[in-house]
Structure formats: structure tokens, C-alpha cells
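Below: one structure, written as C-alpha cells.
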Amino acid sequence: MAHPSQLGFQDAASPVMEELLHFHDHALMIVFLISTLVLYIIVAMVSTKLTNKYILDSQEIEIVWTVLPAVILVLIALPSLRILYLMDEINDPHLTIKAMGHQWYWSYEYTDYEDLGFDSYMIPTKDLTPGQFRLLEADFRMVVPMESPIRVLVSAEDVLHSWAVPSLGVKMDGVPGRLNQTAFIASRPGVFYGQCSEICGANHSFMPIVVEAVPLEHFEFWSSVLLDMATMEEVTLMMDEDMC
């Protein structure tokens with residue numbers, strides 16, 4: 001998560017986010033060089049004799065300021081297109097999770113498992129325990145295995161939502177009646193926080209996203225426990241119906 005007075009991005013937790021950080025530094029350096037060159041030319045024109053008619057009408061200068069921006073655009077476009085293709089490429093995901101946005105909470109469904117799904121609500125401030133973060137903690141986290149390709153299907157039930165986790169380099173809009181997909185690989189274990197990034201109503205700020213990346217064996221244990229709990233609830237409901 002972000003830290004107080006932080007100026008840069010959050011620490012990358014996925015290969016795509018690492019590429020995005022490199023591209024940001026690459027583009028920022030180009031912008032810095034352009035700004036320095038323009039500032040130097042302005043200062044030179046004010047303080048020297050560069051403002052004579054031969055410089056203002058120079059064919060060579062016109063060629064330079066036409067070709068140079070084109071070269072700069074190519075230097076920015078090539079790595080940008082590469083990252084776009086990497087973000088859209090989903091090859092053989094190990095796990096598929098459907099994230100459904102509601103006003104104002106998220107529900108998750110693990111489509112590779114039967115009856116494995118839950119709603120994720122924000123923990124109220126008065127119920128937080130020491131060490132938990134206000135407006136970011138959820139009662140049920142989306143647990144995923146680390147170092148595994150995860151596909152997330154994002155949609156919404158009522159209005160536009162946006163499922164975004166900055167550390168993982170993921171941001172996908174949830175549109176009612178439409179199923180969008182994105183993918184990520186958690187390169188290290190940890191808990192990664194996000195929030196709905198679409199203004200979806202009065203409680204827009206109160207539907208956090210919490211993704212917990214764990215080793216595969218821990219994920220299998222977590223999923224088996226959750227499935228056992230769901231089975232016990234079904235048996236209890238059936239017994240209650242029979243008694244009625």
C-alpha cells in the first residue's frame with residue numbers, strides 16, 4: 001500500500017507492474033530532456049544573438065524540430081505497445097475468479113471450484129484491530145496462489161465499478177451486462193490493497209479490494225476449509241427445512 005508522503009508508485013508485486021515502472025522512468029527521462037533543451041533554447045535566445053533572421057528562417061532547424069519529435073514518439077510508442085500486448089495476453093490461466101461489483105461491496109466467485117464464492121465488505125472503523133488499515137480492510141480477502149497466472153473476470157450488477165490494485169498493475173472497469181477480463185501474476189507473497197476507481201455512488205470510497213497472495217499449498221488449504229464451511233452451511237439449511 002502507499003506510504004505517507006510517498007512520491008512514486010507503490011512497490012511492484014507483478015511482472016507487468018515492474019514493466020510499467022520501467023516505462024514510467026523511461027518516459028519521464030525523455031520529458032526531462034525535452035524540458036531541459038527547450039529551457040536552454042529560450043535562455044540562449046534571450047541572452048545571446050540567436051534571434052537573428054538567419055536562425056529564425058533556417059531550413060536545417062525546421063528539419064530538426066520536425067524529425068526529432070517523430071523519433072521521440074517512436075521511442076515512447078515501442079515500449080508502450082509492448083506493455084499493452086503483455087497486459088492483454090492471457091495464456092493458460094491457472095485460476096479464474098469472477099469479481100462482481102455492487103453498491104457498495106465486491107463479490108468473488110472462484111469459477112474453477114464448485115460453490116466457492118463470498119461477498120467482501122469493508123470492515124467498519126470501530127471494528128478494526130491494531131495493524132489494520134482504515135477504509136482498506138475487508139472481512140473476506142481474495143486469496144490467490146503466488147507465481148500463478150490469475151484471470152479475473154470483472155462485471156457489475158448495478159452501476160459502473162472499477163477493480164483496481166495498483167501494486168499488481170491491474171485496473172479493469174466493471175460494466176453491467178458486460179464481462180471484461182484482466183490477468184496478473186503475484187510475484188511475491190503479501191497483502192495488496194486497492195479500491196474501486198470509478199465514482200459509483202455515495203459510498204464509492206467504502207468498497208476496498210484486498211488481494212492476498214500465498215504459496216500454493218496454503219491456497220489449497222484455504223479453499224478446502226472454505227468449501228467445507230459451505231458444505232456444512234448447506235447441510236444445516238437442509239436439516240432446518242426438514243424440521244420445518
Compute the signed sum of charges (Lys and Arg +1, Asp and Glu -1) over the other residues within less than 12 Å, Cβ to Cβ, of Arg134. -1
What's the magnitude of the charge dipole for the chain around its Cα centre, counting Lys and Arg as +1 and Asp and Glu as -1 at the beta-carbon? Answer in Debye, nearest 20. 1760 debye
If exposed GluC sites (Glu not before Pro) are those in a DSSP loop with at most 11 other Cβ within 10 Å, what is the longest stretch of the chain that has none? 115-244
Each label point is 7 Å from the Cα along the Cα-to-Cβ direction; what then is the distance between the points at Gln132 and Ile41, in nm? 5.7 nm
Can you tell me which of Val170, Val143, Val31 moves the most in a GNM of the chain? Springs connect C-alpha atoms under 10 Å apart. Val31
Relative contact order [Cα under 8 Å, 6+ residues apart], the chain, whole percent: 20 percent
For Tyr105, Tyr85, Tyr193, what's the largest-to-smallest order of accessible area, 1.4 Å probe? Tyr85, Tyr105, Tyr193
Want the number for Asp228 to Asn203: 0.36 nm per residue separation, take away the alpha-carbon distance, what's left? 5.7 nm
Beta bridges by DSSP in region 95-240, antiparallel share as percent, to the nearest 5: 70 percent
Would you give the gap between the C-alpha center of region 181-216 and the C-alpha center of region 86-130, rounded to a whole Å? 8 Å
Surface per residue (accessible, 1.4 Å probe) for region 45-182, Å²: 61 Å²
With each label point set 7 Å from Cα along the Cα-Cβ vector, what nm distance links Asn180 and Val31? 2.3 nm
Please check: in the Gaussian network model of the chain (C-alpha springs, under 10 Å), which one of Arg151, Arg82, Arg188 has the largest mean-square fluctuation. Arg82
Rounded, prolate or oblate: which one fits region 1-139, using the alpha carbon gyration tensor with axes a ≥ b ≥ c (rounded when a/c is under 1.5, else prolate when a/b beats b/c, else oblate)? prolate
Output the antiparallel fraction of DSSP beta bridges having both residues in the chain, as a percent to the nearest 5. 70 percent
Give me the percent of the accessible area of the chain that comes from carbon and sulfur atoms, probe 1.4 Å, all protein chains in place. 63 percent
Answer label for mean projected area of the Cα convex hull in nm² (calculated), chosen among (1) 21.7; (2) 20.1; (3) 14.4: (2)
How much length, in nm to one decimal, is gained on full extension between Glu89 and Glu109, taken as 0.36 nm per residue of separation minus their Cα-Cα distance? 5.0 nm
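The values are calculated or read from the model by the stated rules, or taken from the named source; none is laboratory data. Quick caveat, the model's predicted, so the values are computed rather than measured. For neighbour counting, all protein chains shown are included, and Cβ atoms are generated from backbone atoms with ideal geometry for every residue, glycine included. For accessibility, only protein heavy atoms count, side chains too; no ligands or nucleic acids. Shrake-Rupley method; radii C 1.70, N 1.55, O 1.52, S 1.80 Å.
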